[in-house]
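The numbers here are math on the coordinates, done by the rules we state, and not lab data. All values derive from a computational prediction rather than experimental measurement. Methodologically, a virtual Cβ is constructed for each residue, glycine included, from the backbone with ideal geometry; neighbour enumeration extends over all protein chains shown.
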Amino acid sequence: MTNAYVFVLAAVAVTLPSLAREAVLSAESDTYEYRIDTTPSPRAIKTQEELAGLMEATYFAGETVTATLSGGAASTLVSSAAANGSVAPGFNAGGVWTLANSAQGSATFTVRHSIFGTLGEGTSASPAKIVDALELFDLYLAGTAGNGYVYEIVGVEGLSPLLPPDYGTESAGGNLLRLVEGGDTAEGTFVTPQTVWFLDSMQGGPDRTITQKRGYFAAYSGDNWARSATAASTLSVTPPRGTASTQNLTGTGAVPFVPMNGKGDYTVVLTAGSMTRTAIVTYDPPCGLMIYVK
């Protein structure tokens, strides 16, 4: 690395006081951890384990917390709290629950009746009570729901459950619906396996600025992340100085990205068939104390 220094000694006494002010303004805050819940509202509680794992509802002094099951009266969990604290939601039945804080707002949860043994038999006399979009499909995967299974949507206006593959629906009278294999409303369904993924919420992308030489990966896919194991792609990295490096890859994954050629802009290009994606990754490490003398 080449360092360039420009000295204009006549202005030294004037510029030095400003350095102290800049040092104070550039101080960094402590590091804080946070969690982001990106699940839609209402949040679906599907199992006893998920119900038991719910976080407690927090409140501040003076606030009131209530829990209301659709069609029922509100249950007061905390009334005009004497001090800050938290309380368990107390969901004790299947249905749609609203947890409300008098000052902070409310949140809605769907709790499956199957957790409490009140789902129903899936017949006209005992229809299954469906409260979330994936419940019917999960019942099909478990071998419970099939041709002729009768259900009703309970408590969630406008809910359209995901149907099993090649199944449709027909009216079973009143608000009841019946699954029909190969019916007029039959649809195909594709369900992906569960996958762990990362979210960068700091920048819009695809360009990035990084400050360390470790801990970064460049993602690749040969078929726009449809995850074929044989789809080929090429990943090239052109550093701010030196020659570009190229990797021929297969499938979907990620490879380490290490800015070994110093600070500056690294051009990362992913090519797969007619698809080309480009990102500029700027490596800008902290330089410690910097003094400009004019």
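Structure values in brief
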read-out	value
Sorted by Cβ density within 10 Å, fewest first, the residues ASP132, ASP265, ASP138	ASP265, ASP138, ASP132
Shape category assigned to the range 119-181 from the gyration tensor of Cα positions, a/c cut at 1.5	rounded
Net charge, THR267 excluded, C-beta distance under 15 Å - Lys, Arg +1, Asp, Glu -1	+2
Contour excess over end-to-end distance, with Cα ends at TYR216 and ALA107 and 0.36 nm allotted per residue	35.7 nm
The range 71-135 versus the range 141-156: alpha-carbon centroid distance in Å	20 Å
Residues VAL111, VAL180, VAL87 arranged by fewest to most Cβ contacts within 10 Å	VAL87, VAL180, VAL111
Separation in nanometres of the label points that stand 7 Å from Cα toward Cβ, at ALA244 and SER41	4.8 nm
Simple spin-label estimate for GLU50 and ALA73 in nanometres, 7 Å along Cα-Cβ	3.1 nm
Additional length obtainable on full extension of the chain from ALA61 to ALA93, 0.36 nm per residue less Cα span	8.7 nm
Ascending count of other beta-carbon atoms within 10 Å, so fewest first, for ASP223, ASP166	ASP166, ASP223
